[in-house]
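The values are calculated or read from the model by the stated rules, or taken from the named source; none is laboratory data. What you see is a predicted model, and the numbers here were worked out from it, not measured in a lab. Methodologically, a virtual Cβ is constructed for each residue, glycine included, from the backbone with ideal geometry; neighbour enumeration extends over all protein chains shown. Side chains are part of the model used for accessible areas, which takes the heavy atoms of the whole protein and leaves out ligands, DNA and RNA. Shrake-Rupley method; radii C 1.70, N 1.55, O 1.52, S 1.80 Å.
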Amino acid sequence: MCKQPTNLLAEAQVINTGLRHFCFDIETGNATAEDINTKAQEAKIPAKAKTDEDINAAKIEAYQKATEKAALLDRAPITVIAVATEAGNVVWNCIPDPCPVKTMPGLNGEIRNFKTEREMLIDLREWLAERASAATEIIGFNSRGFDLPKLRNAYIRHKLQLPTIFVPGINPHYDVMKEYLRNFTTEFNGQLFVKLKTLQNRFGLPEYKEFISGADAPKLAAEGKSKLVIPYCYMDTMTTYLAYQFMTGQIEDKTENGGNTNA
């Protein structure tokens with residue numbers, strides 16, 4: 001396991017009092033061919049499909065749709081979990097690749113590498129057990145609809161006890177995407193989904209998604225390219241955390257170029 005130094009004083013304080021914030025993002029790999037096939041077989045055949053030809057065409061279409069969404073299926077593995085907190089940042093990953101810390105300038109945090117998804121989830125649970133409390137606020141982007149359900153499902157898939165912070169209904173939860181759509185836009189008000197890149201653009205936050213996109217992550221992870229996937233997940237997390245701090249009034253005035261007004 002490769003690590004970067006963390007703020008030891010802040011870390012000690014957190015262990016004594018509990019984290020205030022747990023902001024996170026995940027990246028997933030593609031589900032197996034067997035899981036894709038299972039998903040395709042679960043699709044209902046349209047009532048209008050009467051002939052064998054129509055039924056076969058419907059089955060092919062269902063398989064194609066399941067393949068396109070292979071990284072979104074319940075059984076698709078989690079490859080990276082990036083976390084930002086007031087006491088420091090941590091990235092967990094199980095991408096097969098040598099420790100990438102020295103080749104990642106600008107990634108301010110600790111990187112933990114594991115051989116399997118199960119080992120990664122156990123370590124995350126142990127880390128949370130030492131730091132999280134019922135008052136720790138979960139923060140994410142579309143985390144209610146995707147990231148948190150995926151994490152919960154992963155623990156149950158591996159027959160692991162769910163971390164207390166992930167048990168539904170216990171911890172406060174701030175979904176930046178949901179709050180943006182509800183309270184911070186007139187242009188997209190009423191929509192169910194919006195991309196983080198759109199929020200970055202409308203808020204004037206630093207943009208980086210021209211390099212890779214979330215859709216690229218499963219293929220890159222399968223190729224062992226952690227040096228691309230880990231920074232991408234990390235930047236999504238840090239951007240979400242920054243947006244949360246702006247949206248909850250926790251950041252003081254800045255100049256147009258991002259500097260402090262009292263500098």
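With the simple spin-label model, which puts each label point 7 Å out from Cα in the Cβ direction, the Gln245 to Ala135 separation comes to 2.1 nm.
Specify the inter-centroid distance of region 155-197 and region 50-95, based on alpha-carbon positions, in whole Å. Each part reduced to its Cα centre gives a spacing of 18 Å. Stretched out straight at 0.36 nm per residue, the stretch from Ile212 to Thr67 would grow longer than its current Cα-Cα span by 50.2 nm.
Extension gain for the segment Asn56 to Glu252, taken as residue separation times 0.36 nm less the Cα-Cα distance, is 64.6 nm to one decimal. Extension gain, Phe188 to His158: 0.36 nm times the residue separation minus the Cα-Cα distance gives 7.0 nm. Taking all protein chains into account, the per residue accessible area for the chain stands at 55 Å² (1.4 Å probe). By the compact-protein rule of thumb, 2.2 N^0.38 Å, the alpha-carbon radius of gyration of region 179-219 corresponds to a ratio of 1.33.
When peptides 84-91, 48-55, 37-44, 220-227 are sorted by average Cβ neighbour count within 10 Å, with the highest value leading, the order is 84-91, 220-227, 37-44, 48-55. Its relative contact order, with pairs defined as Cα atoms under 8 Å and 6+ residues apart, puts the chain at 25 percent. Using a probe radius of 1.4 angstrom, the carbon and sulfur fraction of the accessible surface of the chain is 52%. Rounded to the nearest 10 degrees, the angle from helix 148-157 to the longest Cα principal axis of the chain is 70 degrees. Counting only Cβ charges, +1 for Lys and Arg and -1 for Asp and Glu, the dipole size of the chain around its Cα centre is about 440 debye.
Could you give log10 I(q)/I(0) at q = 0.10, 0.13, 0.14 Å⁻¹ for region 150-263, computed by the Debye formula over C-alpha point scatterers of equal weight, without solvent? One equal scatterer on each Cα of region 150-263 leads to -0.43, -0.71, -0.82. Across region 164-230, the mean sequence separation of Cα contacts (distance under 8 Å, 6 or more residues apart), normalised by length, yields a relative contact order of 15 percent. Based on DSSP H segments of at least four residues, each scored -39500 (n - 2.57), the chain has a per-residue ellipticity at 222 nm of -12500 deg cm²/dmol.
Working from Cα positions, state the angle (0 to 90°, nearest 10) between the long axis of helix 33-42 and the longest principal axis of the chain. The two axes meet at around 70 degrees. Note on region 96-195: Cα-only Rg and Dmax are 16.4, 46 Å. Pairs from the table (Lys39/Lys69; Lys150/Lys225; Lys39/Lys150; Lys39/Lys65; Lys195/Lys219; Lys44/Lys65) lying more than 18 angstrom apart at Cα are Lys150/Lys225; Lys195/Lys219. Matching the structure-derived semi-axes √(5λ) of the Cα gyration tensor in Å against the labelled list (1) 33, 23, 19; (2) 65, 22, 17; (3) 31, 22, 17 gives the label (1).
Taking the Cα atoms only, what angle lies between the long axis of helix 226-247 and the longest principal axis of the chain, rounded to 10 degrees? On a 0 to 90 degree scale, this one is about 60. Given the options Asn113, Asn142, Asn189, which has the most mean-square fluctuation in a GNM of the chain, springs set between C-alpha atoms less than 10 angstrom apart? With Cα springs under 10 Å in the chain, the top fluctuation among Asn113, Asn142, Asn189 is at Asn189.
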